[in-house]
Amino acid sequence: MTDKGFLTPNEAANLLMVSPITIRQWAQKGLLQAQTTAGGHRRFSRDVIEAFARERGIELPHTQQRLLIVDDNRELNAYLEALFTAQVPDLEIRCAYDGFDAGRQVQAHKPTVVLLDIMMPGMDGIEVCRSLKEDPETSDIRVVAMTGYYTPEVEKKVLAAGAQVLLKKPFSSEEVLRECGFQEISEATIKG
């Protein structure tokens, strides 16, 4: 999917694998919400297209991967951002420094993966994970939790909240790339 926030009828049609006429008809019937430009042309929000596809079980072509790193340790955030930037070309990366900021970033940037610290001030990572997984709009986000305070109880809680895995700090670059789903991309980058 393109990086643009809004798509033309032709771009929306390509993503949904239908004709532009079908897109226009869906918009006229109110099935697909559209914005109208000053010139009278329809534009479709990327979020609207993704929601429309999800509701109907349509698998969209590979979308750009977006990563949200959430940790109150700014140095670790900076390290992880540099690691992912170097290893995963074209990955859109955002950072948040607490649970509340994470919620804002999720709504604004729609990450495909959230790398989430468990121990943070305010809303902890388990609460953030649970709220992501309980919301139909964000339930398909891959959540990779991380902690420097590992216990089996913490692992059980975060997995029950919906995280894919709990990484124990310190972890290797390869481990975090693999668990976030970027190992294949990074290996291709290293070989290329």
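A few comments on the model shown:
- Highlighted here are the helices (runs of 4 or more DSSP H) found entirely within region 85-192 that include at least 1 residues which are without any contact (Cβ under 8 Å) to a residue 60 or more places away in the chain and within 30 Å of R56 (Cβ to Cβ): 99-109, 125-134, 152-161, 183-191.
- From F171, F100, residue being surrounded by fewer than 16 Cβ atoms within 10 Å (Cβ to Cβ) and in contact with a strand residue (DSSP E or B) (Cβ under 8 Å, 6 or more places away or on another chain): F171
- Test: residue in region 110-126 that is at pLDDT below 95, in contact with a helix residue (DSSP H, G or I) (Cβ under 6 Å, 6 or more places away or on another chain), of a type in the set (S, T, Y) and closer than 19 Å to R66 by Cβ: no
- From the list R142, R94, R178, R130, the one residue that fits, being over 28 Å from E55 (Cβ atoms), surrounded by 13 or more Cβ atoms within 10 Å (Cβ to Cβ), under 18 Å from the mean Cα position of the chain (by Cα) and at pLDDT 90 or above, is R178.
- From the options L80, L76, L60, residue that is in the same structural domain as R142 (by TED's automatic domain parsing) and within 18 Å of the chain's Cα centre (by Cα): L80
- Residue in region 13-28 that is modelled with pLDDT under 90, polar (S, T, N, Q), surrounded by fewer than 18 Cβ atoms within 10 Å (Cβ to Cβ) and in contact with a strand residue (DSSP E or B) (Cβ under 8 Å, 6 or more places away or on another chain) present: no
- Residue that is farthest from Y97 (Cα to Cα), among those in region 37-75 that are exposed (fewer than 15 other Cβ atoms within 10 Å of the Cβ) and either in contact with a Cys (Cβ under 7 Å, 6 or more places away or on another chain) or among the polar types (S, T, N, Q) (or both): T37
- Considering only residues in region 107-127 that are in contact with an Asp or Glu (Cβ under 9 Å, 6 or more places away or on another chain) and aliphatic (A, V, I, L, M), the one that is surrounded by the most Cβ atoms within 10 Å (Cβ to Cβ) turns out to be L116.
The values are calculated or read from the model by the stated rules, or taken from the named source; none is laboratory data. Everything numeric in this text was worked out from a predicted model, so none of it was measured. Ideal geometry is used to build each Cβ from the backbone, glycine not excepted, and the neighbour counts take in all protein chains shown.
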